[in-house]
Amino acid sequence: MALDPETFDALIDTVRRFVAERLRPLEAQVEADDAIPAEIVAEMRDMGLFGLSIAEEYGGLGLTMYEEARIGIEMGRTTPAFRSTFGTNVGIGSQGLVMAGTPEQKAQWLPRIASGEVVTSFALTEPDAGSDSGSVKTRAVKDGDVYRLTGTKRYITNADKADLFTVMARTGPEVGARGVSAFLVPRDLPGLSIGEPEKKMGQKGAKVADVNFDDVAVPAANRLGAEGEGFKIAMRVLDRGRLHIASVCVGVAERLIADCVGYATTRSQFGKPIAEHQLIQGMIADSKTEALAARALVLETAHAKDAGKDVVMESAAAKYYASEMVGRVADRAVQIYGGAGYIADYGIERLYRDVRLFRIYEGTSQIQQIIIARETIKRGG
Ligand SMILES: Cc1cc2nc3c(=O)[nH]c(=O)nc-3n(C[C@H](O)[C@H](O)[C@H](O)COP(=O)(O)OP(=O)(O)OC[C@H]3O[C@@H](n4cnc5c(N)ncnc54)[C@H](O)[C@@H]3O)c2cc1C
């Protein structure tokens, strides 16, 4: 159920001030340290950010998709790694449990996920199973009242600090997605180990690492849904996750446009602010138009999801358009800043690197295109 308008406006206002006053001043530090300061994580917990999408009965804020997308836009106005700190708890790490968990599983985990005491991760990708995620090789073999998991998951966000993984593993002999099941796997089970965090292009402060399973005995009670339902659960989780990521893309684009306007109105060349040169105005106009279009698509799709409509196609379209859009906006921002756009002090090159990831994870742009086309053809237009 949606919050009452006053409470929601107050929440948006609190997040906006948190981003402006607490997070933005720390952007360069997060980039240099490749870590989010502990006091910021504590403040995020206090604000309830880890439990945005978890029902109030489990201690979360129980936001609708529309409300979550509005928060995503606000969080997009700073280094995306800040959002990643709680992003897996709000999205891909917890939603399998929210959507397919039993009352016992939910009662065991959701209150601590909502409070941020337990950090979650979503482990689908493997060295040989990326876009073709239905081809995962990690095996889960039933052995009495446990499943024995063996395999490797790759590029898992927040693996370095996660306490609980939602893991997709193969339980059946079927080839492809039908033999995949989902499991809740606590980090402290014997045989589970985490690799070294990867060195990566951007989004410093948000780490990814391998998660290795060497004959890990997972209680059968930790399976989410029925055997063979894991892939379906993962795809439902990603439908929601894609809309969330799209909202963050809108926020980053709006931030970059504001930065560009600030720079272009103060930097002068040929005797006037560069904002008065029409070729610069053309770039600002293109960025603004595309950001407005993405915002409208994201929020309309979020409303439709809240109304119970099937938004598989629209979520893919929102993620595809918004992630490609913010890439173009970041590229124009570097151009508008000129040499300064390429220099670290101004922060534009950092966001340019950060936003590149949005076109890759939670399904690449090509995978979104495939979903959009498939669903459009299925619907007959
Ligand atoms: C920083 C980061 C964080 C991540 N976090 C997580 C996480 O928390 N959990 C998780 O499970 N995964 C995570 N991932 C993995 C991510 O989801 C995958 O990298 C992504 O889905 C692409 O898979 P891949 O890297 O194997 O690329 P590939 O699938 O090998 O794709 C390579 C290229 O081929 C294209 N391609 C593939 N198939 C087709 C096709 N049928 N038609 C046309 N083109 C195609 C792709 O679009 C891409 O351009 C993360 C990745 C990164 C980099």
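Bear in mind these aren't lab numbers, they're just calculated from the coordinates by the rules spelled out. Fair warning: this is a prediction, and the values are worked out from it, not measured in the lab. Cβ placement follows ideal geometry from the backbone for every residue including glycine, while neighbour counts extend to all protein chains displayed.
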Alpha-carbon centroids, segment 176-214 and segment 17-46: separation in whole Å: 24 Å
Simple label model, 7 Å out from Cα along Cβ direction - residue 279 to residue 24, nm: 3.0 nm
Length added when fully stretched, residue 344-residue 266, from 0.36 nm per residue minus Cα-Cα: 26.2 nm
Candidates 54, 280, 92: whichever shows maximal mean-square fluctuation once the chain is modelled as a Gaussian network with Cα springs under 10 Å: 280
Where Rh is the Kirkwood radius over Cα pairs, Rg/Rh for segment 1-104: 0.98
Cα pair distances of segment 16-73 binned at 5 Å [whole percent]: 4, 17, 22, 23, 18, 11, 5, 1
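Dividing the convex hull volume of the Cα atoms of segment 42-83 by its residue count, what figure in Å³ per residue is obtained?
Taking only Cα atoms, segment 42-83 has a hull volume of 65 Å³ per residue.
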Simple spin-label estimate for residue 43 and residue 107 in nanometres, 7 Å along Cα-Cβ: 3.7 nm
Kirkwood Rh and Cα Rg combined as Rg/Rh, segment 299-381: 1.13
Percent breakdown of C-alpha pair distances by 5 Å bin, ordered from the shortest bin, for segment 133-225: 3, 14, 25, 23, 17, 11, 5, 2, 0
Reach of residue 207 by Cα under 24 Å, taken over lysines that are not fewer than 8 positions away in the same chain: 137, 153, 161, 199, 319
Interatomic Cα distance distribution for segment 50-109, bins of 10 angstrom, percent: 22, 53, 21, 4
Full-stretch length increase - residue 309, residue 227 - with 0.36 nm per residue and alpha-carbon distance subtracted: 26.9 nm
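Show me the ranking of peptides 70-82, 117-129, 96-108 by mean Cβ neighbours inside 10 Å, starting with the highest.
70-82, 117-129, 96-108
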GNM flexibility winner over the chain from 253, 32, 296 (Cα, springs under 10 Å): 32
Length released on extending from residue 10 to residue 258, taking residue separation times 0.36 nm less the Cα-Cα span: 87.0 nm
Sorted by Cβ neighbour density within 10 Å, fewest at the top, the residues 47, 325: 47, 325
Relative intensity, log₁₀ I(q)/I(0), of the chain from a Debye sum that treats every alpha carbon as a point, q = 0.11, 0.13 Å⁻¹: -0.76, -1.05
Between segment 236-252 and segment 310-381, the alpha-carbon center distance in angstrom: 11 Å
18 Å Cα-Cα reach of residue 309 towards aspartates and glutamates, excluding residues that sit fewer than 8 places from it in its own chain: 67, 68, 239, 300, 375
Compactness of segment 213-350 as Cα Rg over 2.2 N^0.38 Å, two decimals: 1.46
Cα coordinate range in segment 108-267, projected on the principal axes (Å, largest first): 70, 31, 30
More than 15 angstrom apart: percent of Cα pairs within segment 179-274: 78 percent
Proximal aspartates and glutamates relative to residue 272, as straight alpha-carbon distance under 19 Å, when same-chain residues fewer than 8 apart are discounted: 259
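Only Cα pairs under 8 Å and at least 6 apart count here; give the relative contact order of the chain as a rounded whole percent.
That works out to 16 percent.
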Spacing of the two label points (7 Å from each Cα toward its C-beta) at residue 117 and residue 196, in nm: 3.5 nm
Highest-fluctuation residue, 304, 317, 330 considered, GNM on the chain with Cα pairs under 10 Å: 304
